[in-house]
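Below: the structure, in structure tokens.
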Amino acid sequence: MRGKPAPRSIRSATLIGYFEAARAAGLDPERMLCRVGLDPSCMDDLETQISLDSFWRLLSESARLGNCPDFGMRAAIERGVPNLGAVSLLMREAETVEEAIHFYTTHLALHADGTLIQLDQRFQSPLIVTELQARTREESFQATQFCLVGITMQIRWLIGEAFQPDLVSFSFAKPQRMPTVERFFKCPVQFRQLISGLVLNRSVLQRRPVTSAPFLRKLARQQLEPLIKRSPGGFSTRVERLLRTLLDDGNYDSQSVADYFQIDRRTLSRRLANDGETFSGILQRIRMEVACRALAGSDSPLSMIADETGFESLSTFSRWFQQSFGCTASRWRACNAAGDA
């Protein structure tokens, strides 16, 4: 007898921007979340896994009650460039847009295990195809809007705001009011097509992303590729999510993690080993990702970044950074800034 399929999930970070879009449509965002069975407190930790089907229903209900057929687009625009964690970092360090899209499509299950996105190059113009099987056609339409805006913003983040697809295709009927669609995509948009997706100029795939210095790109790939190969529902992933929270609290040793899962440290090590992981390896990757994000995305002093990565002193952080990255944090930040210039 076959069991029920596992529920599809997505990171709560996907809800970033929803609250603003809902209020603009005259809706109470917290009430809307509760309406579809989502706990508003999931926004306290953006790594929390929430129901993908509930999220799609949230977009659909918001479009209906707010009388906004383009609500999926509005929510995605308010969200901004999707935060895909390690996947985003790898995309930025890819050699070409094609390689970046490959990272995105191959490892999307880390963030949305009910979403299928493919790059189809069989024809003269490459096509990024989206297949989202929601429970209703309206949910699928809103989810597709959300997805196509996210992909477009991701590519603009990689190569510049001037990027626009050659064509946007929806396999849905055109609503009476869709004011956002052409203004955002800046290209022709067609409805009632066989598939939904973005048609690109082939030259776009060979564009080089705005990236870091070569030695940083190589380092990022070495450190982050193993991270995104893991199952999004595995025990090691659950440990990682917990460690991210504990790192903020300053109580992130292996005993604290074992206590949380009500197991001893030996069992913790064994279960991580079954996933090909170690406690120290997971902590190292989290620290490296936090440090890279803080150095690249802010002007925070190194002492503050040391605290964010769980080090009690700047000197300890500096030694760890030199050993982990082969350069000082100051040099890393300077090289990254030079690559963005």
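The values are calculated or read from the model by the stated rules, or taken from the named source; none is laboratory data. From a predicted model like this one, the values you see are computed outputs, not experimental measurements. FYI the Cβ positions are ideal-geometry reconstructions off the backbone, even for glycines, and counts take in every protein chain you see.
Can you tell me which of (1) within 19 Å of the chain's Cα centre (by Cα); (2) surrounded by 18 or more Cβ atoms within 10 Å (Cβ to Cβ) is the one Val81 doesn't meet?
(2)
Among the residues of segment 295-313, write down those that are surrounded by fewer than 16 Cβ atoms within 10 Å (Cβ to Cβ) and not small (Gly, Ala, Ser).
Asp299, Pro301, Met304, Glu312
Scanning segment 173-221 for residues that are hydroxyl-bearing (Ser, Thr, Tyr) and at pLDDT below 80, which turns out farthest from Val129 (Cα to Cα)?
Ser212
Output the helices (runs of 4 or more DSSP H) that fall wholly within segment 21-82 and possess 1 or more residues being farther than 26 Å from Gln133 by Cβ, or say none.
29-35
Applying the selection to segment 113-155, what residues are farther than 15 Å from Ile195 by Cβ, out of contact with any Pro (no Cβ under 7 Å at 6 or more places or on another chain) and of a type in the set (Asp, Glu)?
Matches in segment 113-155: Glu138, Glu139.
Scan segment 24-54 residue by residue and report those that are farther than 21 Å from Arg238 by Cα and touching a Ser or Thr at 6+ places or on another chain (Cβ under 9 Å).
The answer is Ala25, Leu27, Pro29, Met32, Leu33, Val36, Gly37.
Condition first: among the acidic types (Asp, Glu), in contact with a Gly (Cβ under 9 Å, 6 or more places away or on another chain) and surrounded by fewer than 19 Cβ atoms within 10 Å (Cβ to Cβ). Can you find one or more residues in segment 29-50 that meet it?
Scanning segment 29-50 turns up at least one residue that is among the acidic types (Asp, Glu), in contact with a Gly (Cβ under 9 Å, 6 or more places away or on another chain) and surrounded by fewer than 19 Cβ atoms within 10 Å (Cβ to Cβ).
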